[in-house]
Structure formats: C-alpha cells, structure tokens
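For reference, the structure is listed below as structure tokens.
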C-alpha cells in the first residue's frame, strides 16, 4: 500500500523488528479468555520493539523479550528506530503492561489467559514526526487498510479462538465488531491508556481494573499480586 500526505513515513515493525515480534508470537496460547485489541503501533512502543504496547522496559522485564531490531527501509529523521536502546518510555505500554504485571505473577500466567494484538501493524508519521493514527487517514486509504487489517483480525481470532475480544479504546472495539460480524465472540472495551486521554490520566489503572472486572476478565474477588506480596 502507498499512503499520501499527510503521511510522510510508514513503519512496519513486523518487518524490521521481526526477531522480537516472533519471540512475542511464541508466547500465544490457544483458546485464551481474551484477545486484547489495540489500534496500531506507538512510536516508542511497538515501533521500537515489535510488540503491541511494547514499551522497552516492560517488554524486556515482564515479557522477557530482547532481540536485535533492524532499521526501516525509509526512516523518518525525527523518529529514529533505536530498538531496545530507545530511552523514551511509551506511556500507554507502561500503563498496560504495568497493570498486567501487577495482576499476574509471570508473563506466562498472563498469556495462559490472554493475548494482545494490534488491529493495524503499521505506524504512520507526518512531516513533523507526529504520530498519525489510522482513523486520521484519507477515507480511500482507510478503506483499503481496513480490508487488510480486518482480514488479519479474522485470521488470528480463528486461530486462537478467544472467549472475548477486549478493545483497548472504542476504535478497536468498533473494528472488531465490524470485522468479525455475527461470528464475533463477546466484545468488551477498556479505556485506552494513552496520555492524550484525560480520563486515562485521572487514574487509568483503577478505571481499567473496574472495566476488566465488569467484563469478567479479572476475577472480582482477586487481589492484585503486587498487593498480595506487599501484605
């Protein structure tokens, strides 16, 4: 696919960050309770590590993934790919994986219960280096991209057979409903952890925990493992 202005650069971490991405795919388990669905890679998360919501510290410490990352074919001068040497922390990834690390003893325990996937694998940047989400693309480009990404989502849902799909943000939930149609498992939504969201900045962990308990992903009576260890 080709993308016109305002897109100045497109990154595909499934290509240049293939090594850590394949390590991540190896963590998947069949029939998880939930498939978490994000929108697309963030510039300091999956764009650097090849892992959805892949903030470097979380990927290295909780997921125990660390591998060589190549450079994109056409790199934006204001958005260099540094892989696991990236010193910037992606807030969304830190919040998301931080909550899962607090709830589950190990990454293996998390992946026995869930998997995380981005609806779109591509990161888009404007001339200034600003991140551009798929919903901001021109309508014709959105239609072609949706066709490919919806097809990929149907494939992964058929392969994993999750009990539910949890959209991380309303956009992801809407895409899941559209792509999966009548064959969709139950679809729920959790607040997106982006720092661009005022609601997320008012206490994302607490809000997400309430939503994930309400939809049945977290057990209502469970005590977060971090709190249990503190006691």
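Tell me, which residue of segment 118-138 that is crowded, with 20+ Cβ neighbours inside 10 Å and in a strand (DSSP E or B) is farthest from the chain's Cα centre (by Cα)? Out of the qualifying residues, it is 125. Residue count for segment 78-92 satisfying the condition of being loosely packed, with under 15 Cβ neighbours inside 10 Å and not in a loop (DSSP other than H, G, I, E, B): 1.
For segment 194-231, the set of residues classified as assigned to a loop (DSSP other than H, G, I, E, B), at pLDDT 95 or above and closer than 23 Å to residue 163 by Cα consists of 215, 216, 217, 218, listed by residue number.
Rundown of residues vs (1) surrounded by 18 or more Cβ atoms within 10 Å (Cβ to Cβ); (2) under 13 Å from the mean Cα position of the chain (by Cα); (3) within 20 Å of residue 104 (Cα to Cα), yes/no style:
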| residue | (1), (2), (3) |
| --- | --- |
| 7 | yes, no, no |
| 27 | no, no, yes |
| 51 | yes, yes, yes |
| 60 | no, no, yes |
| 65 | yes, no, yes |
| 76 | yes, no, no |
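Is segment 163-185 home to any residue that is in contact with a strand residue (DSSP E or B) (Cβ under 6 Å, 6 or more places away or on another chain), surrounded by fewer than 21 Cβ atoms within 10 Å (Cβ to Cβ), over 24 Å from residue 92 (Cα atoms) and modelled with pLDDT of 95 or more? Taking every residue of segment 163-185 in turn, at least one turns out to be in contact with a strand residue (DSSP E or B) (Cβ under 6 Å, 6 or more places away or on another chain), surrounded by fewer than 21 Cβ atoms within 10 Å (Cβ to Cβ), over 24 Å from residue 92 (Cα atoms) and modelled with pLDDT of 95 or more. Applying the condition of being free of Cβ contacts under 8 Å to residues at least 60 places away in the same chain and assigned to a strand (DSSP E or B) to segment 162-187 and asking which residue is nearest to residue 52 (Cα to Cα) yields 187.
The values are calculated or read from the model by the stated rules, or taken from the named source; none is laboratory data. These numbers come from a predicted model, not from an experiment. Heads up, the Cβs are rebuilt from the backbone with ideal geometry, glycines too, and the neighbour counts pull from every protein chain shown.
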